[in-house]
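A short worksheet on the structure shown next.
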Amino acid sequence: SRKRIEMRPPRLILLSGLAIAVAASSLAMTRRDDRTDAQYLNYGSTFPAVGAVYANGGWNGSGTLIASNWVLTAGHVADSMTSSGSVDFNGTQYGVAQIIKNPGWAGDLTAGNDLALLRLTNNVNGVTPIGLYNSSNTWQKDCTVVGFGGTGNGTGGWTGTYDVLRRAGTNVVDGSANRNFVFNSTGFTNTLILDFDTPAGNTNSLAALGSGAAATNLEMNVIFGDSGGALLIDDGSGLKLAGVTSFIWNLAGGNWGVYGSASGFSAVWGHYDWIVNTVPEPTTMVAVAMGALVAMRRRSKK
């Protein structure tokens, strides 16, 4: 059976109701209620460079191959690797030889430092690494989000179960017009935020940040099972890794992952130099748990 880990609320972030014990630390995604799960699974199958991360023998999250034997994941996913770790790509597990956490990662999700690099014991065969998105130009950009874990839809939210399957969906980056912004009395640095719009376009949680209300074709929100996964943006030469899944913000109240919820990602751009100075020849230089994805509950303005 998978190891179950109870995540404690990080400082400076209000997490009411996080008394549930979640199997490891990650998210997957809830989908539009007028779309089938098969559509998200089929889209997910086109991103083999996003793998499932295991810690201490149990599934713990997601991570993206950015060089032949280097994976970029969330800092809080790496925190769970107390004895051993591995990353599964297409059914083959590669051991983790080295963990390098971002120097700024200290548990504060608002700081945009929730990143870690994993050096694998061997090169990953048959999988092309994903390049890094080296630009601050992310606001209102169409994006794709990829990760493993449970699912559900915007009406009912997360089903409460996991299947450790890779899904991908689409959205638009709402929070990141600049590297820093404030929403609901919470300040964010180097963070990308998306909201989960209804097919009817009558929910727009991030309107104050300039968000539109129209849902994308495969609109989604991250949910437990997908921490460390990928947010991809097309830089003109294909999809590149622009963000790493960090948190879910339950702005809508009710069940996790319903319409009106928001997804948060640490932006790659603000840590680009750290990544390329650590990883020998990452893809961009040649041409970006299960664990409980840390969750942010609704925070009222003061």
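Every number in this text was worked out from the coordinates using simple rules, so none of it is lab data. Since the structure is predicted, the reported quantities are computational estimates derived from the model, not experimental observations. Reconstructed Cβ throughout: ideal geometry from the backbone, glycine too, with neighbour counts over all protein chains shown.
Worth pointing out:
- Label zone at THR128 (point 7 Å along Cα-to-Cβ), backbone N below 19 Å, segment 44-80: 44-51, 64-72
- Remark: spin-label model distance ASN137-LEU41 equals 3.8 nm, labels positioned 7 Å along the Cα→Cβ axis.
- For the listed peptides 182-190, 104-112, a ranking on the average number of other beta carbons within 10 Å per residue, highest first, reads 104-112, 182-190.
- Debye, to nearest 20: dipole size of segment 83-196, +1 on Lys, Arg Cβ, -1 on Asp, Glu Cβ: 240 debye
- Over segment 93-199, the alpha carbon radius of gyration divided by the compact-protein estimate 2.2 N^0.38 Å works out to 1.29.
- Cα gyration tensor shape for segment 116-155, rounded if a/c is under 1.5, else prolate or oblate: oblate
- Shape call, segment 232-275: gyration tensor on alpha carbons, a/c limit 1.5: oblate
- Put simply, the amide H of ASN255, placed in the peptide plane, has no neighbours under 5 Å, leaving out anything fewer than 5 places away on its chain.
- With a simple spin-label model that places each label point 7 Å from the Cα along the Cα-to-Cβ direction, the separation between ASP163 and ALA207 comes to 3.5 nm.
- The overall shape of segment 170-269, judged from the alpha-carbon gyration tensor, is rounded, with an a/c ratio under 1.5.
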